Every structure is written in C-alpha cells, then in structure tokens.
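The values are calculated or read from the model by the stated rules, or taken from the named source; none is laboratory data. Quick caveat: nothing in here was measured; it's all calculated off a predicted structure.
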Amino acid sequence: MGGFKDTKDIKEKELKEFKEKDKEFKEKDKEFKEIKEKDKEFKEIKEKDKEFKEIKEKDKDIVEQPVLPQPAAATEAAGPAMTLEGAVVGLMQRVERIEKHLGIGKAFIEGAERPSVDDRALGDDDQ
C-alpha cells in the first residue's frame with residue numbers, strides 16, 4: 001500500500017504545482033491585458049497627436065503665407081464688388097434699401113391716426 005500513498009502524494013503535489021502555475025498564468029494574463037489596454041490608449045493618443053500636427057501644419061501655412069493684395073486690374077476685372085470700394089458702396093446701398101423698407105425717420109403712426117390729446121394730459125384740469 002506504500003505505492004498508493006506515493007501516487008496520491010505525487011498527484012497532490014502535481015495538483016498544487018498546477019494550481020500555482022494557473023495562478024501565475026492568470027496574473028500574467030491580467031498584466032498582459034493591462035499592457036494591451038495601455039497600448040490601445042497610447043495608439044489613440046498617438047492618432048490624436050497626428051491629427052493635431054496635421055491641423056497645426058495647415059494653420060502654419062495660413063499664418064506663414066499672408067494674403068497679398070491682388071493687383072487692381074485683377075479685382076476690377078472680377079467686378080466692382082471685389083474691390084474694397086465696391087464692397088463699401090454695396091453695403092451702403094443695402095443699408096439704404098433696408099431703411100426705405102423699414103421707414104426710418106418717419107413716424108410710425110400717421111397724424112390722422114393719432115388720438116387727440118386731452119386737457120388732462122396737458123395738465124389743464126378745470127375740475
């Protein structure tokens with residue numbers, strides 16, 4: 001019966017080693033998942049950084065290359081609205097049309113439509 005006890009001890013020892021290895025494996029798996037998650041976050045940050053750099057490059061082009069005024073011949077050929085003077089004249093005409101439409105400078109109620117003023121409103125109380 002000594003052989004049976006030895007076999008039982010060996011199996012218990014193997015089971016104990018297996019459980020320890022399984023525990024180590026689970027810890028390593030957990031560490032791997034954490035590293036994988038951090039790697040995913042790093043990639044996302046790296047993508048956003050890349051997008052930011054692209055936007056920054058586009059803005060850099062805008063800032064470093066100022067818009068130069070075009071020659072007068074080119075703006076006049078494009079039409080009067082393309083010049084500064086043409087734009088100002090256009091805006092003035094637009095304001096004038098709006099004022100005419102709204103009736104700025106005129107009374108809202110015509111004189112004939114106004115009610116008569118009482119003596120009480122004038123302060124002449126005879127009562």
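Out of Lys48, Lys58, report the one residue that is in a helix (DSSP H, G or I), of a type in the set (D, E, K, R) and at pLDDT below 80.
Values: Lys48 fails: at pLDDT below 80.
Testing whether each residue is in a helix (DSSP H, G or I), of a type in the set (D, E, K, R) and at pLDDT below 80 leaves just Lys58.
Does at least one position in the stretch 76-98 carry a residue that is in a loop (DSSP other than H, G, I, E, B) and at pLDDT 80 or above? Reasoning before the result, please.
Taking the stretch 76-98 and keeping what is in a loop (DSSP other than H, G, I, E, B), we get 79, 83.
From what's left, at pLDDT 80 or above: 83.
Yes - at least one qualifying residue is present in the stretch 76-98.
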